[in-house]
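Down below is the structure, laid out as structure tokens.
The values are calculated or read from the model by the stated rules, or taken from the named source; none is laboratory data. All values derive from a computational prediction rather than experimental measurement. Here the Cβ positions follow ideal geometry from the backbone for every residue, glycine too, while neighbour counts run over all protein chains shown. Ligands, DNA and RNA are stripped out before the accessible areas are found, and what is left, the full protein with its side chains, is counted by its heavy atoms. Shrake-Rupley method; radii C 1.70, N 1.55, O 1.52, S 1.80 Å.
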Amino acid sequence: MEQTTVPGRPTSSFPTAPQFSSPFRSSGPIVGLDGSVPSRAPTPIASSGPVADFGSSVTPQTTSPFFSSGPPIGTQPSHFRVPPPSIRSNGPSGPPSYPAQDVSSYQQMQAPRYYPVAQPSAPLGSSPFIHQPRGPPPTGSFQPLSQTPAVSMGPMQSSSQMVPRSNVPQLSEPSFTTTKIPSQPPLHGYSNVPPRPSMPSFQPDTQFHASRPVSQPPMQGVPPAHVPATHPSYYSHQSIVPPPPPVGGSLGYSSRDQLQHPMTAPPIGGVQGLVEEFQSLSIGSVPGSLNPGVDTNLLPRPLSGDEVSTKIPEIYPMNCHPRFFRLTTHALPNSQSLFSRWHLPLGAVVHPLAETPDGEEVPVINFGPVGIIRCRRCRTYVNPYVTFTDVGRKWRCNLCSLLNDVPMEYYCALDANGRRCDIDQRPELCKGSVDFVASTEYMVRPPMPPLYFFLIDVSVSAVRSGLLEIVAKTIKSCLDDLPGFPRTQIGFITFDSTLHFHNLKSSLTQPQMLVVADLDDIFLPLPDDLLVNLSESRHVVEAFLDSLPVMFQGSANVESALGPALKASLMVMSQLGGKLLIFQSTLPSLGVGRLRLRGDDLRVYGTDKEHPLRLPEDSFYKQMAAELTKNQIAVDIYAFSEKYTDIASLGSLAKYTGGQVYHYPSFQVALHREKLSYELGRNLRRETAWESVMRIRCGKGVRFTSYHGHFMLRSADLLALPAVDCDKAFAMQLALEENLLTTQTVYFQVALLYTSSSGERRIRVHTAAAPVVTDLHEMYNQADTGAIVALLGRIAIESSLSQKLEDARQSIHLKLVKSLKEYRNLFAVQHRLSGRLIYPESLRLLPLYVLALCKSVALRGGYADAPLDDRCAAGYNMMILPVARMLKLLYPSLFRINENLLKDSKEYEESLIQLPLTALNLDPKGIYILDDGFNFIIWLGRMLQSDLVNNILGVDFASISDLSKVVVSEHENPISKKLMRILNQLREKNRSSYPSCRLVRQGEQPRELSLFLTNLIEDPTAGSSSYVDWILQLHRQAQS
């Protein structure tokens, strides 16, 4: 029995979005005890009786937003000096300090002054990422790779302009193969990329030739003739890991492994059996230079998006799908000593209501009067990993091993293998994810109807921006699709310096507005008529929405009394709970909760006074969030302003109520109309789980220590979620309770108790198993990069709320370095690896994602790199993102589309080829789309054909003075129609948000730098490293 109880709630089907399945859809008839229960209606959430749960009072939290139980503290590097606030520094500026490190080793290896760049340099030899099989190393040599001419980016610099690189260890091998390539004439056309330092040289392996040199002068232009058609994506081989028995067991090495590799010796234990299963990147030097380097073409890149390992589903086929539950490593350590060598976060990412493809809906199980089958001691729900004994009369809990009696109505005989004869007819015994229909014992009150309450700022800034018209039209268009018909409730309050209550009683022909000017003593003028049933008062609601855009048209009121309006909304909604949508266009200035302008004092940046700017200024908002959560009210914030609105304070309302922050900086109706309309419409139409609580149980020896996301923590392990939907994910960290785990498998079970919009109480249950191992290599081999990045990002954002941004970045950098160093130590003795950066195949993309995290809006640079509101909004957003959307945000997709636009109508729809995020791929004659899942940035080269640009814009480009005000829309020409079809195809891949389009012309500053070039993660920006330099830095630190 769960420890806290929450009420219930209602819903109907989701008719407006047939393209994707609701997370609540049933895959067919509900499976009952005897299978005779009639088929359930095909609504997303079938209605049944009420249900109840775990009950306990809400305790106001004292932690700050994003605050975890133990924020990692970065180590200040020994060669680091804090830059002044105006200087940006995204990446750690020096190697972190280690306890017994001799700094003199770096001093002895400093590179001398660079040789003049005008001198033709030899090409850089390279070794591709090598996946060595078990057994003796292969003999023979590889054929040399084809050599591509070096791309010169501008006129050569003299040696006097070069800055010597320090702290670069001299790495060389006795033999290498290189071929000199003559220098090429300088290229013109690109002058807006920050000067790129000459890339370090690369030391070849004796068996490989360089594919192209890496050292390049600063980028000045990339004519199309010198741009490679495509960059080959990184292909890696999967390591061969013999699967353990389904019940668990250490992923050790058995005779089966030796049969697969008969030439290998018997396992001696530990790492020996997999000693050569690693990936490597050769680090070398060019003749006559001490500057190490790598071939950029061979660097791993996530050009195919999120990668989910297929090993675990094969080993544990009854686990829930990874879209619902992902561990940072699917091989848990068996001891504290092994755990201490892991260095990366150990935890999980949970996405309980993730959308499912058609045909893979979560089955609904109704046990009827018998009740849900659960363990008496640990309250685990029956799942595929329980075992039945005593001829089927008892079942053993897989989490706590307790023997439980099988109810007579649930009894079934066992076959010769000890399996129930009806196991294939019972989804709860053969599927990792199910929805249980809960009984009345899981309720403390009858399920409440879905309630949508709108709190709308009508000050002069909101009126002039055109915000009211879009909001009113969007709400009106969604009235037919609001979940819960015919029980749905709705209400409105508008505010400026006073509060405006709107009487929407069904007996009225027109809505009535009642104004309350006393902000210190809030009262409800008509308590019973401010919330109405939508189906009964539909005509009055529509009349109000029609009049809203013009109702305050003549207002000149610049004040905003958000705090008193919040208190009034709580008074209206407290009986039913529901969702509160706040539309705020200016800084709250009157009454309780008024805020002031912060962040304009540049002296605090880079000091200990910096992080409070990212915390709520007034405790009022945290206290209101606790009260709202207690009354089952979730808050979504829609913030529109060209000026500072203190997202740090307003966002805490969404943070602690399970809501979301939608930020539209520099809001313009023409540019943001479709984005706001789509995202508000999705928020209103999508199926929502109301009055929810979530708990994650795990087996003996492990426990969850901290949770990250948007929720209120009611007890040590119970997350209160007044509303949750398919767009929100949560992360948590694991710890070992015992010094040594004796079990071979650890089980996890996620239980989300919620009320559907149709008024049925349900429990969404996800169950998964993971093996316990004694081998550190196996932990790395089964690592999940996506889950690690999602958890690491949340930890870093929470750390930035209690320390400087530089310290938060340094903290995740240090974790990465320690993990690479630990992994390297597994192989350094057996192999000559002095010139290689080695890493597990499963984590080949982790260095790039950590670099992208350091360059993200939430964590990068300092004051000058991101407005304070933008930084806070990005932090709130990243705290709720599922894994795939987080990775897409960190490493956006870059496509070249001008060739697609010029092709025939039958050919242009060919799949777009994703390019690495570097300016080396930009052609001044090309058109590129950068897609991060939230925005499209369309980059127009300065040498682009004018007729192509004119067709896209629909007007003569020469007549446009400001591209920031241009709206990309469909025009009556084939080029424009093809572009819109490409954009719509990209939008179809991610329905959670609506990427709006922004046009940027090459050389248009500062827009090109702020919107486009800063998203080219692999290039250096002011104060941050390029991808190549980052890899070299990691290599040096992993060797130290």
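Explain nothing, just the number: dipole magnitude of region 621-737 about its Cα centre with +1 on each Lys and Arg Cβ and -1 on each Asp and Glu Cβ, in debye rounded to the nearest 20. Spell out each step's value before the answer.
Numbers: 15 positive and 12 negative charges, 55 e Å.
Magnitude of the dipole: close to 260 debye.
Using the Cα centre of region 852-981 as origin and beta-carbon charges of +1 (Lys, Arg) and -1 (Asp, Glu), tell me which of Leu859, Ile913, Val967 is placed farthest towards the positive end of the dipole.
Leu859
Phe367's amide H: which non-local residues (gap 5+, or another chain) put their own amide H closer than 5 Å, with H modeled 1.01 Å from N in plane and none for Pro or chain starts?
Hits under the 5 Å cutoff: Val437.
Which translational diffusion coefficient, to the nearest whole µm²/s, is obtained for region 982-1040 from the Stokes-Einstein equation, given a Kirkwood hydrodynamic radius over C-alpha pairs, 37 °C and 0.692 mPa s? If you can, show how the numbers build up before the last one.
Values: Rh = 14.5 Å.
Using the Kirkwood radius from Cα pairs, D works out to 226 µm²/s.
Give me the 1.4 Å probe accessible area per residue for region 906-1029, excluding ligands and nucleic acids, in Å². Before the final figure, lay out each step's value.
On the way: 4850 Å² over 124 residues.
Per residue, region 906-1029 has an accessible area of 39 Å².
For Ile423 and Ser946 in the same chain, what is the full-extension length gain: residue separation times 0.36 nm, less their Cα-Cα distance, in nm?
Net length gain for the segment: 181.6 nm.
Which of the peptides 485-497, 651-663, 798-810 is most tightly packed, and how do the rest follow, going by the mean number of other Cβ atoms within 10 Å of each residue? Don't jump to the answer; show the numbers that get you there.
Details: 485-497: 21.7, 651-663: 27.0, 798-810: 23.9.
The peptides rank, most packed first, as 651-663, 798-810, 485-497.
Taking a probe of 1.4 Å, how large is the accessible area per residue of region 714-805, in Å²? Walk me through the numbers before you get to the answer.
Numbers: 1460 Å² over 92 residues.
For region 714-805, the per-residue accessible area is 16 Å².
What residue among His672, Ser652, Pro722 has its Cα farthest toward the positive end of the dipole of region 616-748, where the charges are +1 on Lys, Arg and -1 on Asp, Glu, each on the Cβ?
My answer, from the dipole projection, is Pro722.
What's the carbon and sulfur percent of region 476-596's accessible surface, probe 1.4 angstrom, rounded to a whole number? Could you put the intermediate results ahead of the total?
Details: 2390 of 4800 Å².
For region 476-596, the apolar C and S fraction of the accessible surface comes to 50 percent.
Could you sort Phe454, Phe957 by their accessible area in this structure, using a 1.4 Å probe and putting the largest first? Walk me through the numbers on the way to the answer.
Working: Phe454 0, Phe957 50 Å².
Most to least solvent-accessible, the answer reads Phe957, Phe454.
Excluding same-chain residues fewer than 8 positions from Lys505, which aspartates and glutamates have a Cα within less than 18 Å of its Cα?
Asp528, Asp529, Glu536, Glu542, Asp546
Once the dipole of region 408-544 is set up with Lys and Arg at +1 and Asp and Glu at -1 on Cβ about the Cα centre, which of Ser433, Thr488, His500 lies farthest towards its positive end?
Ser433
Magnitude of the Cβ-charge dipole of region 694-824, K/R +1 and D/E -1, about the Cα centre, nearest 20 debye? Mind showing how you got there, number by number?
On the way: 16 positive and 13 negative charges, 41 e Å.
Charge dipole, region 694-824, about its Cα centre: 200 debye, nearest 20.
Leaving out ligands, DNA and RNA, and with a 1.4 Å probe, what % of the accessible surface on region 637-706 is carbon or sulfur? Please report the intermediate quantities before stating the final value.
Numbers: 770 of 1690 Å².
Taking all protein chains in place, region 637-706 shows 45 percent carbon and sulfur surface.
Charges only on Cβ, +1 for Lys and Arg, -1 for Asp and Glu: so what's the dipole of region 293-378 about the Cα centre, in debye to the nearest 20? Walk me through the numbers before you get to the answer.
Values: 8 positive and 8 negative charges, 133 e Å.
So the magnitude is around 640 debye.
Under the Karplus relation 6.51 cos²θ - 1.76 cosθ + 1.60, θ = phi - 60°, what is the ordered set of whole-Hz ³J(HN,Hα) values for region 738-750, x standing for Gly and Pro?
Values, residue by residue: 10, 5, 9, 7, 9, 7, 8, 9, 10, 10, 10, 9, 9 Hz.
Which of the lysines could a cross-linker bridge to Lys965, judged by Cα under 25 Å and excluding same-chain residues fewer than eight apart?
Lys473, Lys643, Lys675, Lys925, Lys977, Lys978
What whole-number distance in Å separates the alpha-carbon centres of region 612-689 and region 736-767?
So the separation of the two Cα centres works out to 29 Å.
Quick one: which of Lys311/Lys394; Lys855/Lys888; Lys431/Lys888 span more than 22 angstrom between C-alpha atoms?
Numbers: Lys311/Lys394 32 Å; Lys855/Lys888 14 Å; Lys431/Lys888 29 Å.
Exceeds cut-off: Lys311/Lys394; Lys431/Lys888.
Taking amide H positions as placed in the peptide plane 1.01 Å from N, state which residues far from Arg445 in sequence (5 or more) or on other chains have amide H under 5 Å from it.
Long-range HN contacts for Arg445: Gly8.
With θ taken as phi - 60° and the coefficients 6.51, -1.76 and 1.60, list the Karplus ³J(HN,Hα) couplings across region 446-458 in order, rounded to whole Hz; mark glycine and proline as x.
x, x, 8, x, x, 10, 10, 10, 10, 10, 10, 6, 10
Which aspartates and glutamates have a Cα less than 17 Å from the Cα of Lys989, not counting those fewer than 8 places away in the same chain?
Lys989 reaches Asp306, Glu307, Glu355, Asp358, Glu679, Asp727, Glu909, Glu910, Asp931, Asp932.
Which ³J(HN,Hα) values, rounded to whole Hz and listed in residue order, are derived for region 1007-1016 from phi using the Karplus coefficients 6.51, -1.76 and 1.60 in 6.51 cos²θ - 1.76 cosθ + 1.60 with θ = phi - 60°, glycine and proline given as x?
5, 4, 5, 6, 8, 10, 5, 5, 8, 7
Could you list which residues have their amide H under 5 Å from that of Leu721, counting only those 5 or more apart in sequence or on another chain, with H placed in the peptide plane?
Those qualifying (amide H under 5 Å, at least 5 residues apart or on another chain) are Ser692, Val693, Met694.
Would you mind working out the accessible area per residue for region 565-698, using a 1.4 Å probe, and quoting it in Å²?
Numbers: 4130 Å² over 134 residues.
Here the per-residue accessible area is 31 Å².
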